[in-house]
1. Can we say residue 106 is touching a Ser or Thr at 6+ places or on another chain (Cβ under 6 Å), open to solvent by less than 30 Å² (accessible area, probe 1.4 Å) and within 19 Å of residue 151 (Cβ to Cβ)?
2. How many residues are surrounded by 18 or more Cβ atoms within 10 Å (Cβ to Cβ), within 27 Å of residue 854 (Cβ to Cβ) and within 51 Å of the chain's Cα centre (by Cα) when one looks only at segment 803-827?
3. Quick one: in segment 420-460, which of the residues that are hydroxyl-bearing (Ser, Thr, Tyr) and open to solvent by less than 50 Å² (accessible area, probe 1.4 Å) is nearest to residue 513 (Cα to Cα)?
4. Open to solvent by 40 Å² or more (accessible area, probe 1.4 Å), in a helix (DSSP H, G or I) and at pLDDT 75 or above - does that describe any residue in segment 752-764?
5. So the check is Cβ under 6 Å with 6+ separation or different chains; which pairs have a first residue in segment 37-56 that's touching a residue at least 12 places away in the same chain (Cβ under 8 Å) and a second one that's among the small types (Gly, Ala, Ser) and crowded, with 21+ Cβ neighbours inside 10 Å?
6. Of the residues that make up segment 783-790, is at least one open to solvent by less than 10 Å² (accessible area, probe 1.4 Å), modelled with pLDDT under 90, in a helix (DSSP H, G or I) and not hydroxyl-bearing (Ser, Thr, Tyr)?
7. Only one of (1) modelled with pLDDT under 85; (2) over 30 Å from residue 438 (Cα atoms) fails for residue 577. Which number is that?
8. Counting only residues that are polar (S, T, N, Q) and part of a strand (DSSP E or B), which one in segment 263-295 is least open to solvent (accessible area, probe 1.4 Å)?
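The values are calculated or read from the model by the stated rules, or taken from the named source; none is laboratory data. For clarity, every value in this text was computed on a predicted model and none was experimentally measured. Glycine also receives a Cβ, built like all others from the backbone with ideal geometry; neighbour counts cover every protein chain displayed. Side chains included, ligands, DNA and RNA excluded: accessible areas come from the protein's heavy atoms. Shrake-Rupley method; radii C 1.70, N 1.55, O 1.52, S 1.80 Å.
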Amino acid sequence: MLMHDKDTTQQLTNNDSHRLQALYTINSMLAQVSAGRDAERMMPLILRAVANVLDAHRASLFITDKNLIVQESWFVEGRGMPVKSDVDFALNLVENGLVGHVVRTGESTLVGDTMTDEHWLRDPDDEPTLSSWSAIGVPLSTLARGITLGAIILARPGLDQYHEDDVTMLNSIAAQIASTLGVNNLQTENSQHAQEITAFMEATARISASLEVDKINTLVTKHLVELTHVDMGMLVAWDEQASAFISRNVYAQRDRQELGALDLGQASLLQEILAKPRAVQIQASAPNNRRPEQMLLEQLEAQSLLLLPLVAHRDAFGVALLFDQRQQHLFNELDIQLFQTLANQAAVAIQNAHLYTETQRQLKITRLLNGASQVINSSLDLDQIMRALLAQMNEFLQAEAVSIALVDKAGDELVFKVAEGVGSNQIMGLRVPASQGVSGWVMQHNSPALVNDTDNDPRFYREGDQRTGHKTQAIICAPVHVKGKVLGTIQAINPAEKSFFTDEELQLLVNLANLASSAMANAQQFTQTLAAEARYMGLFQDNIDPIILTDKVGKITEVNGRAVELLEYERSELLRMHINQLHPVETGLLGERAFQPIQTRQIKMFNSELITKNRRRTPVEVYAKRIYMGDHQLLQWIYHDITQQVELSQMRDDLMAMLFHDLRSPLSNIISSLVLVLEDLPPNMDASLVSMLDVAMKSSQGLQRLVKSLLDINRLEAGHPISNQRSVGVLKVIDDAQEIVQATIDRRRIKIERLLSPQTTHVFIDEDMIRRVIINLMDNALKYSQDGQVVTVEVSAPDERGLVTIAVSDQGPGIPRRYREVIFEKFRRIEDKKARKGIGLGLAFCRLAVEAHGGHIWVDTGTRGGARFNFTLPVESKVL
């Protein structure tokens, strides 16, 4: 970005320098004309120079008298030399063309398309006039006499080839030509002013030969005083910063009394002249002097006063004051016209010098900013960056003291970290609350501040002055920020050579802060990264779990001591290995180029086996996570030894399998025997005995369902498919399930509410397995319901995927969100003292059974509160 700004600035500087050089060349030619050289020879050369500087393909210069009679005219085309225009052609252009329009109106004209301009003459024999060109026409006007002496016309092919800055440039040249022509006319008209004109030409030449503003101001004042033979003279200009007229230069003839302290302030008479430029002559003896005129005479202690506006490019920017303190001096109209012409010439020279000075200043600033950027961005040491920034601030601002404060988030305050200049040792470490001080205001508002009177600014924080014993009169402060986040502030106090800071100096400080912001943010981030890496490596090495770091394709880059111990390799051996040599890696965790296996902050967990150097296998739980070390992206692998858990799990599975198989046969025999007994009971059997046998039968059947569920769990976890699916009506399965739990429903006076879709259908299922799913869910709902409450069974219509949703809900306490996933795992129950006891297999069976049918099961909150268990099943003949 800086390089781009530098190139742009260089290009603008070259452009301005080229145009300035052209002005000086034209000035020199005009000076020769003014000095009495052959105008007939010089004016065509001036036209050639004008065409060159504005890249015109055609140019013409017309000199007319007050009756619009062409006195002289020249025409130049391409790179050729100017020639005198044909008399009839020139007359036609003045009468009907753009030349006459410009001369008559005295106004500049910018033509974007000659084909649509009514003043552009078209010649059938001249092809360029029959196509679209762009043109500029400016009058040769003398402001002092209000006379237009001719016009300059420039043209080149294409639409909108010229712009307002070109018009301004041509006006500047035209003003100089007009001034010169005006002088020559005055010479012709008033031979008695030969000596004054000679002095005027010498003054013009000297003024135009310099590019130093101060030198030009001195020369202008000196020559105006000597030419007018007054006692004293001065140039004043309006200063926006001070909102007052400021004296730029004062010159007095020899043996004249010194001018005392002068404060023009907001002199209304000078403001009138700037608003409506005109020469004003005032005599102290005049009886009708207005109050502003009389006040200015008294302030200057003058007997007579001549005020000449300094006008460049039709813009008045100052006034020349020429006055006598001991006698009155009356100038005639011709005198005033001559002096105003010199003032106009001087004004153009002053503005050109200002333009050159500003261009050089901007170029210097650009070079300094570029140098500052290189120095500031050459380090990642925050303290070094801040000290380099202070050095650049001093070079720019020349302030009594400069400092940088950084934001302390913990205390919501600024802490002064580095300082140079008056009181720098005392200001270091000062803490300023965000709610106090100019710097605190800048921090809170993320906006720069300029204060030139700290006594009258309530934001100013006086503890700094109390620490240093030095008074702060003026301060500028800018935020150092990145993406809207304020990192700190930089401030300068008390400019060394004046009593106030300017907006321009504040902008320089803002530019420096902007340059430093990224470098300081990077340095802070770098420091934090180093500290974080150090903390991480300390934890990494001290961790009791084995940890391995790899690059994105799995090459091992670092291991901690516990990993070396467990894997039985030397560290150097491990650093030459790939993670796949130690354990299998889940598919998709590693990638060659497109590396997005694990998202930031995501942890992938899986079980595997670590293979040691001695080929010993250790079952482990692996946690894989993406981390950053500086600019490097790594994978972190943490291992938990789960040997004991694996052994216990295997023992539990073996025990459960043994219990299931050992219970199955005796349980079948018990149920068969109970069936036979119940069938052979005589009709008059005691009711209590029948009831006891019925209880034994239902309990045995419940136990049989549990055994079947356990066997199904083992089979489904092993990946065995369902083999006996068929089409069954949903209502039949629900009815059969409810019949099993009907005794509990009746005993506890529970109401079963059914919400059935009109489109209820058949489902393609293992009927016994899904019946047990519904029994488990209804049994759960009954367990957690109070006597007399409602249990709801809902069946929805098939969705677009061909799935029917069945839901069983209660009015119990519900399932907390944190348990809604884990309750479907084996042996997992809600950790609540009020929770009902169980071994945690019922819902695990439900999940496996539903998913084996291609469905899904989940729990949420019912419409009446409580828990609602939902599951989906495929409609008949569609196995998903």
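1. yes
2. Total satisfying the criteria: 4.
3. For segment 420-460, the residue satisfying everything is 447.
4. no
5. As it stands, the answer is 47/59; 51/59, since those pairs meet every condition given.
6. no
7. Residue 577 satisfies every listed condition except (1).
8. Going through the qualifying residues, I end up with 283.
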